[in-house]
1. Quick check on the stretch B:216-226: of everything there that is more than 13 Å from the ligand (Cβ to nearest atom) and within 8 Å of chain A (Cβ to nearest Cβ), which residue is surrounded by the fewest Cβ atoms within 10 Å (Cβ to Cβ)?
2. Among the candidates B:ASP160, B:ASP134, B:ASP125, which residue alone is of a type outside the set (Gly, Ala, Ser), outside any helix (DSSP H, G or I) and touching a residue at least 12 places away in the same chain (Cβ under 8 Å)?
3. Of the conditions (1) farther than 30 Å from B:TRP316 by Cα; (2) within 14 Å of chain A (Cβ to nearest Cβ), B:LEU195 fails just one. Which one is it?
4. Among (1) closer than 30 Å to B:TYR397 by Cα; (2) open to solvent by less than 30 Å² (accessible area, probe 1.4 Å), which single condition is B:ASP263 missing?
5. In the stretch B:323-345, which residues are over 30 Å from A:CYS291 (Cα atoms) and among the charged types (D, E, K, R)?
6. Those residues that are assigned to a strand (DSSP E or B) and either outside the structural domain of A:TYR260 (by TED's automatic domain parsing) or over 15 Å from A:PHE246 (Cα atoms) (or both), I need them from the stretch A:306-336; list them, please.
7. Can you tell which of B:PHE229, B:PHE239, B:PHE205 is within 14 Å of chain A (Cβ to nearest Cβ) and open to solvent by 90 Å² or more (accessible area, probe 1.4 Å)?
8. Between a first residue in the stretch B:274-295 that is open to solvent by 50 Å² or more (accessible area, probe 1.4 Å) and a second residue that is modelled with pLDDT under 85 and not in a helix (DSSP H, G or I), which pairs have beta carbons less than 8 Å apart while being 6 or more apart in sequence or on different chains?
Amino acid sequence: MTDKKPSTAEIMAMLRKKSAEGASAPPPAPATEASAVPAAASAPAEPAVTPATPAAKPKGTADIMAAIRAKGAIAPVAAAPPAPAAGTPASGTPAAKPKGTSDIMAAIRAKGAAAAGVAPAAASVAVAVAPKVAAPASAGKSPAEMIQAMRAGSAVVTESAKPKFPPKSAAAGKKQELPRRSFPAVFFELICTPYYMAWTLMSAIGGLWGLGIARFMMPNTVLELPSKFKIGSLGDFPLGTVSEKFKASRGVWIVHTDSYDGQNVVYALSSVCTHLGCTPSWLDAEQKYKCPCHGSGFYINGINFEGPAPRPLERVGLVLGADGLLEVDKSLKFQEELGQWTDPKSFVRVG
Amino acid sequence: MLLFLANIGWTMRSYKRDGYYESVLGFQHIPKATVWAFYAAFLMLLAVTHLTSRSAPEEFLLRLPEWFKLSVDVIFRDARIYFGLSVAAFVGMIVWREFLTRDTVGWILFNVGCLFLGLSMTDYDFRQIVGKPDNVPIVGMLFIGGYFTWLYFKKAVDNDRRVAEGRPLAEQELKEQVLVWPDLVYTEMLCMILLTALLIVWGVFLQAPLEEPGQAVKTPNPSKAPWYFLGLQEMLVYFDPWLAGVVLPLVIVQGLMAIPYIDFNKKGNGYYSFADRKFSVIIFLFGFIPLWVGMIVLGTFIRGPNWNMFGLYEFWDVHKLEVLNNRNLSEIIWVVNLEQPLPKPDPASGLISQCLAIFMREGVGILMVIGYFMALPNLMALTFLRKFYVRMGVIRYMVLANLLLFMALLPIKMVLRWAFNLKYIVAIPEWFFNI
Ligand code: FES
């Protein structure tokens, strides 16, 4: 463990050795290498541990590793006195399981604190990890897990040690909360590591991009004319005709027909194909609307009969005003397949 | 304008002449070569007369006879015949691959293609469509695509023969090494320069086909997607927009990405071969040639105003009348067979009763679609795809089977539309859901 840089393979090997030791360690030797850290912290070997305190300010993964290595190195020394591990029972408390790098760092910092004198805290953190390692030790997966495993390894608390002093644990868990530095400072330090800086910058740039793209959703134009407009009197639209007068400007045909339900009515059909939204053309000779995009065809009353369009053209609102003029209201929509063509606002009865 | 088009026609012709002449010299056997020489000489004479007289294409000496035009029109006008023939050609290509990949046959094919194009150019309507700057690259693509398919088959047939005779593969015989620098890099650079030059010339001579500014209420007639999406547009004729525009394209892309994971055949790696990879080659080429390239051709040259189909030599008449009335499956069942009105969900009633009414109406179609995707893969596993199922395991097999079924959906729907005027198998316009 005193090696400068253990490779992954080495770490694994070490771990396997450790867990083997932990498993086979005879009960009469309660202070195995494993319980070294808590033991050390609990007083007898205090001077030996103090050099480990610099590890309290880890900057990156490398530091974490270094810290761990340092701990490991100290462990054998500290292990000498057969002190029943003071902190071990803390395992009973559900001390937060480390989830990410920040947790790991917090844990290590806590350990540093422990070395300085707050023994139980260290124990609680260390032990929290220990059970995890026991099983998967031989199959460590990610670097983070490896590190956890390492830490646990250096503090492997044999199961036998656990149940000894359960009462202490609660208090121990509480004490751990004491932060050494103020929160902003820690936060600032975190932000300043290149890793976090990169992520922060990336998300900031991504956010700006997102905003820029969102801007495209609102083009700088006014597309909609007022939705209500007068189109003339009933007499302008003889029976059986389709007026294309308002198609180019407002996208509606004015239809006067009696081919739907046999009623003599005038209504406004929206000139948007119900297939994909192209504009069909009215073919007078064939008496049908025909879409140039995929060939949908509609009868004069708007009912679809050929091509892929799944439903009839939509009607828009049409009312006869008090001044005798017809007024189209494009903000209203009436779909035949939903039974909305019976709505009195969707047509004007003639005669 | 006419002169310009005449020039296009003429350039293509003279280009052809040169090509012929060179290749004729390559033939060693005298009797064969003489035939070619006569042919080439004839073409050259023709070119010279045209070169000197510079007449309008309608007055070229050699033109397509009317009966030919008429019969071609009949074929192309009708989607059924067109699609049937393209599938038949596809099958023929695979069955007769040995014969078709002979050099002479390939050359004759190329000649026929050029002749067909050159002669068709003398027809006014054909020229209008094919000569459009938009469509020139598609003609090019047809020739290039045809050539590469031919090349593949040639090499594959050669290798298959070698394997059958126990000889080493062609790729193994040509194992001597070539240096990246300078050989490959020089070749690449030359290609780059030539292509750039070609693009510049092209850009100068054929004007970009820009149209008037877009308008929300005016759609050009016909309105065509970019050529590479014409397959999708053709799909839209047979399917609901969300299916043909969203689901199927996604399935196509994902299916293509899934190929390496589905494919368990380790043979055919690093050399051309047909016999070793029959299944994959046939499936791929079927999807590519009749279903993708075929649809591009259909969309470019045959779909005219109002998205009607027009023969190659037919005038694009906006008022051409085509009766395409079609019905949903539910209408066929309820109105035609049971002679009852369609059950209609009452918008005022609760969701459940609406669902029931819709299911009453569309039940058969829904069950058919579910059966298609749930039962068919199992049936296929028990019958002709049994080997695949055993080799691939459940998940991979299911992915493969469903991809195949999705691909088959297009031809199936096309045939149904033509045969029964079927619009949608499941039609629930209330929920914008149609299959
Ligand atoms: S948009 Fe009208 S038929 Fe497709």
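1. B:ALA216
2. It is B:ASP134.
3. (2)
4. Answer for B:ASP263: the failing condition is (2).
5. Answer for the stretch B:323-345, where residues must be over 30 Å from A:CYS291 (Cα atoms) and among the charged types (D, E, K, R): just B:GLU339.
6. A:GLU306, A:VAL319, A:LEU320, A:SER331, A:LEU332, A:LYS333, A:PHE334
7. None of the other options fit; the residue is B:PHE229.
8. Once the first residue is open to solvent by 50 Å² or more (accessible area, probe 1.4 Å) and sits in the stretch B:274-295, its partners that are modelled with pLDDT under 85 and not in a helix (DSSP H, G or I) give B:PHE279/B:ASN265.
The values are calculated or read from the model by the stated rules, or taken from the named source; none is laboratory data. No experiment lies behind these values; they were computed from the predicted model shown. Every residue, glycine as well, gets a Cβ built from its backbone with ideal geometry; the counts of neighbours run over all protein chains shown. Protein only, heavy atoms only, side chains kept; ligands, DNA and RNA dropped before computing areas. Shrake-Rupley method; radii C 1.70, N 1.55, O 1.52, S 1.80 Å.
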